[in-house]
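Here is the structure we will look at.
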Number of protein chains: 2
Amino acid sequence: MPVVDLVVRNIGQLVTCSAVGAGPLGLLRDAAVAAADGRVVYVGSAAALPELADDAVVIDADGALCTPGLCDPHAHPIFAGDRASEYAMRVEGRGYLEIQAAGGGIYSTVRQTRAASDEALLKGARARLERLLSFGVTTCEAKSGYALDAEGEIRLLRLLRRLAVEGPWRLSSTLLVHAVPEERRGERTAYLEEVANELIPRVAREGLAESCDVFCDRGAFTSEETRAVLTAARGQGLALRLHADQIAETGAAALAAELGARSADHLERISADGIAALAGAGTTAVLLPGAALCLGDPWPPARALIKAGVPVALGTDLNPGSSMTESLPLMMSLACTQMRMRVEEAWLAVTRVAADSLGRADAGRLQPGSRADLVLWGCDDYRHVPYHFGVNHVRTVVISGEVAFEA
Amino acid sequence: MPVVDLVVRNIGQLVTCSAVGAGPLGLLRDAAVAAADGRVVYVGSAAALPELADDAVVIDADGALCTPGLCDPHAHPIFAGDRASEYAMRVEGRGYLEIQAAGGGIYSTVRQTRAASDEALLKGARARLERLLSFGVTTCEAKSGYALDAEGEIRLLRLLRRLAVEGPWRLSSTLLVHAVPEERRGERTAYLEEVANELIPRVAREGLAESCDVFCDRGAFTSEETRAVLTAARGQGLALRLHADQIAETGAAALAAELGARSADHLERISADGIAALAGAGTTAVLLPGAALCLGDPWPPARALIKAGVPVALGTDLNPGSSMTESLPLMMSLACTQMRMRVEEAWLAVTRVAADSLGRADAGRLQPGSRADLVLWGCDDYRHVPYHFGVNHVRTVVISGEVAFEA
């Protein structure tokens, strides 16, 4: 065993999300975690702790709850501007066209994002990643999608790469094919061909994204368009994600399954056939209660998905239009109270299942070999986190065995 | 004008909730607020600021949003224990009886509260009031109701008085007649007679509460019982509040109106007649989105209440059973997205209207003569607070002209 350089002792309740402990969450009582070189090397009774280096960092959890670092599998952290005025209009019942006429909608974010300097975009995204971190999120998916033109999307992905290098968070970047640019409305087919034949190969060549995502829905891209783009992405070695069945049931979830996507996201209006298809393919359903809340949409059918055997993850959907929040714990509360996910299911949905949906089998769990990413909470029971809602209970966040945040 | 001892300058957007500024929120741009001896003495253009004392505290708001301190008109901050396990059971669809059999329900909190020391109760309540303060709440209603027996209720109200004296928050204490004690189940009538004839006069004599509240609902107290208790309370000079029409429509809102109550609270199932009665009496509807969220109840009909002319306030309903949260800003987000309250209505509902419902005409607004209680936010537009939800935007809280909290 390598020399232990971090120990968290005196953990009252340890949620491992692995086979190390008991029950669905892998629970241990009165436990300790030890790490070396950023990886977990020991999880178990404090009595059997391995020997420590002289200069090992020792954290006393003081009986607190300790969990893996959270994983947000669906976020749009890089954009400029906000859409608070659009939120106010929507609350008043104004329709999408009226909001667009008043300068709202996705294109307002696109205009502001294109006009923003690199520094401004980095500053905004960094502030959002810091807030995510303050809520315990150590691994975060990060989508482009607010520039739309090829150069702009490349710029956003390069900025995300800078933020990934800067850390301390782990980012998983995704090229999001979000909408046809305003200036190319008459050239939809040509735009998508350029995306498939030029942008995606360039993103893959430069290693700028792990995944490609398409907004496949009524009023967005059709299933045929989505299939063409994602097939090109798969051919370039990118993993696939889909915005699916949010606005209308268009068969997008079944398409995600057919294409072997890692995730189908949203699913407020998924059909029974869609659920069966996801279950058959092993595609993860990434549910986004923040968007359903803000848009007044139906809650995604978490229980039916779970019953069918679909892995269910939860994300913030952090974005300026429909879910402006960095609180992944609040998404757990909404999932429990509105979607009837059990508390244990909600925890797995923001840890192991979310990390698996990003292909990160060493995140979202605490077991020998996994990343030493963990959260100490200001409470002593995992049920307290969704129960005591709207409040940030995070006390300390550790990433790669180093303290990355303290409340 | 007295000597100014506090100035907040460089406010980008000032929400006065008074006639000083423009529109429903009394908005001013590029403004300043000055205070002397804990009261506002000036609200307006920075150019016309009155002369300051040499040692005046000057806060530079740096263009930020400034609002009155928030007012939470419905909270149960003093109790022992938590009910996270009951939350988990409810999420799983277990019924109330099963939860009670497992040791949950209100009586579990009563048992723990009775068994707790004064110090433990003070510590728990203080932590909750500090969290409320961190969310911008400067004035808070505080109900007893988790002891039930006379001596226990008196103890809770005395502890609340200690916390009120300790400050910095302003507390408005309420004697809550919550349930018949377990040990007196067979003596319901005798218990209520003692409440009316002994407990209420004692509370009034000792000045331990401003208000009396009764849980009037199916499975709780009947309208007849409630009328008897509240009539006694009114006779002792206490203001009246009611838990009304939450579980079932029992005519409780109409009773609140008939008795001239300051507020009827919850109202998830209020009838059209109940709404008309509140409007006629000028009774404030205190809506509690946190409880509706956690219990899966219908959202209270905010739009119908507002249309009828009923003043609408929002509260946290902070309590261990059905709404464990101190985030009043999150209640605004829920009210906007789920109850279609306009953003301006939601702001008034947590400031001026809420303060008025507690008889505090000098709180919840910023105008000459009002309390110098205000919040500086980490954003520059009032719409951002409900829009960017689940995140605490509070930067600085001032109470009586002194900084009471800094993020």
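Conditions (1) touching a helix residue (DSSP H, G or I) at 6+ places or on another chain (Cβ under 9 Å); (2) modelled with pLDDT of 95 or more, marked per residue:
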position: B:67; (1), (2): yes, yes
position: B:104; (1), (2): yes, no
position: B:130; (1), (2): no, yes
position: B:141; (1), (2): yes, yes
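The condition (being among the basic types (Lys, Arg) and assigned to a loop (DSSP other than H, G, I, E, B)) is satisfied by just one residue among A:218, A:227, A:185, A:241: A:218. What do you reckon, is residue B:103 within 14 Å of another protein chain (Cβ to nearest Cβ), open to solvent by 10 Å² or more (accessible area, probe 1.4 Å) and not in a strand (DSSP E or B)? The answer is no for residue B:103. Of note, residue B:357 does not satisfy the criterion of being within 9 Å of chain A (Cβ to nearest Cβ), surrounded by 24 or more Cβ atoms within 10 Å (Cβ to Cβ) and of a type in the set (S, T, N, Q). Checking each residue in the stretch B:314-368 for being over 21 Å from residue A:93 (Cα atoms) and hydrophobic (A, V, I, L, M, F, W, C) picks out B:318, B:324, B:328, B:350, B:353, B:354, B:355, B:358, B:361, B:363, B:366.
Checking each residue in the stretch B:119-170 for being closer than 22 Å to residue B:212 by Cα, more than 17 Å from the chain's Cα centre (by Cα) and aliphatic (A, V, I, L, M) picks out B:121, B:122, B:147, B:148, B:150, B:154, B:156, B:159, B:165.
Among the numbered conditions (1) open to solvent by less than 20 Å² (accessible area, probe 1.4 Å); (2) on the phi < 0 side of the Ramachandran plot; (3) of a type in the set (Gly, Ala, Ser), the only one that residue A:145 does not meet is (2).
Considering (1) open to solvent by 10 Å² or more (accessible area, probe 1.4 Å); (2) more than 30 Å from residue B:4 (Cβ to Cβ), the lone condition that residue B:367 does not fulfil carries the number (2). Those strands (runs of 3 or more DSSP E) of the stretch B:361-407 in which 2 or more residues are in contact with a Pro (Cβ under 9 Å, 6 or more places away or on another chain) and over 19 Å from residue B:12 (Cβ atoms) occupy B:402-406. Applying the condition of being buried (at least 18 other Cβ atoms within 10 Å of the Cβ) and in a helix (DSSP H, G or I) to the stretch A:199-213 and asking which residue is farthest from the chain's Cα centre (by Cα) yields A:199.
When we screen A:296, A:235 for residues that are free of Cβ contacts under 8 Å to residues at least 24 places away in the same chain and within 14 Å of another protein chain (Cβ to nearest Cβ), the only hit is A:296. Of everything listed in (1) more than 9 Å from chain B (Cβ to nearest Cβ); (2) crowded, with 24+ Cβ neighbours inside 10 Å, the single unmet condition for residue A:331 is (1).
Of the residues in the stretch B:120-128, at least one is farther than 19 Å from residue B:375 by Cβ and among the charged types (D, E, K, R). Taken over the stretch A:3-17, residues that are surrounded by fewer than 20 Cβ atoms within 10 Å (Cβ to Cβ) and within 15 Å of residue A:370 (Cβ to Cβ) amount to 0. Residues that are among the small types (Gly, Ala, Ser), open to solvent by 10 Å² or more (accessible area, probe 1.4 Å) and in a helix (DSSP H, G or I) within the stretch A:246-271 comprise A:254, A:257, listed in sequence order.
The single condition from (1) under 30 Å from residue A:211 (Cβ atoms); (2) within 14 Å of another protein chain (Cβ to nearest Cβ) that residue A:35 fails is (2). Taken together, B:360, B:340 contain a single residue that is charged (D, E, K, R) and over 18 Å from the mean Cα position of the chain (by Cα), which is B:340. Checking each residue in the stretch B:111-142 for being in contact with a Cys (Cβ under 6 Å, 6 or more places away or on another chain) and either open to solvent by 10 Å² or more (accessible area, probe 1.4 Å) or under 15 Å from residue B:173 (Cα atoms) (or both) picks out only B:139.
Condition check for residue B:94 on (1) open to solvent by 10 Å² or more (accessible area, probe 1.4 Å); (2) at pLDDT below 95; (3) more than 14 Å from every other protein chain (Cβ to nearest Cβ): one failure, at (3). Against the numbered list (1) more than 14 Å from chain A (Cβ to nearest Cβ); (2) surrounded by fewer than 24 Cβ atoms within 10 Å (Cβ to Cβ); (3) not charged (D, E, K, R), residue B:322 comes up short only at (1). Candidates are the residues of the stretch A:303-318 that are within 11 Å of chain B (Cβ to nearest Cβ) and under 18 Å from the mean Cα position of the chain (by Cα); the one that is farthest from residue A:265 (Cα to Cα) is A:318.
Restricting attention to the stretch B:171-198, the residues that are among the aromatic types (Phe, Trp, Tyr) and either open to solvent by 20 Å² or more (accessible area, probe 1.4 Å) or at positive phi (or both) total 0. Among the residues making up the stretch B:56-86, those that are surrounded by fewer than 24 Cβ atoms within 10 Å (Cβ to Cβ) and assigned to a strand (DSSP E or B) are B:56, B:57, B:58, B:59, B:60, B:65. Checking the stretch A:360-378 against the condition returns a match, with at least one residue being in contact with a His (Cβ under 9 Å, 6 or more places away or on another chain), within 14 Å of chain B (Cβ to nearest Cβ) and within 30 Å of residue A:126 (Cβ to Cβ). Residue count for the stretch B:19-37, restricted to those that are open to solvent by 10 Å² or more (accessible area, probe 1.4 Å) and assigned to a loop (DSSP other than H, G, I, E, B): 6. Could you figure out which of (1) surrounded by 24 or more Cβ atoms within 10 Å (Cβ to Cβ); (2) in the same structural domain as residue A:79 (by TED's automatic domain parsing); (3) closer than 26 Å to residue A:144 by Cα isn't true of residue A:346? Going through the list (1) surrounded by 24 or more Cβ atoms within 10 Å (Cβ to Cβ); (2) in the same structural domain as residue A:79 (by TED's automatic domain parsing); (3) closer than 26 Å to residue A:144 by Cα, residue A:346 breaks only (3).
The values are calculated or read from the model by the stated rules, or taken from the named source; none is laboratory data. Just so it is clear, the model here is predicted, and its values are computed rather than measured. Here Cβ is always computed from backbone atoms with ideal geometry, including for glycine, and neighbour counts include all displayed protein chains. Quick note on the areas: whole protein, heavy atoms, side chains included, nothing else; ligands and nucleic acids left out. Shrake-Rupley method; radii C 1.70, N 1.55, O 1.52, S 1.80 Å.
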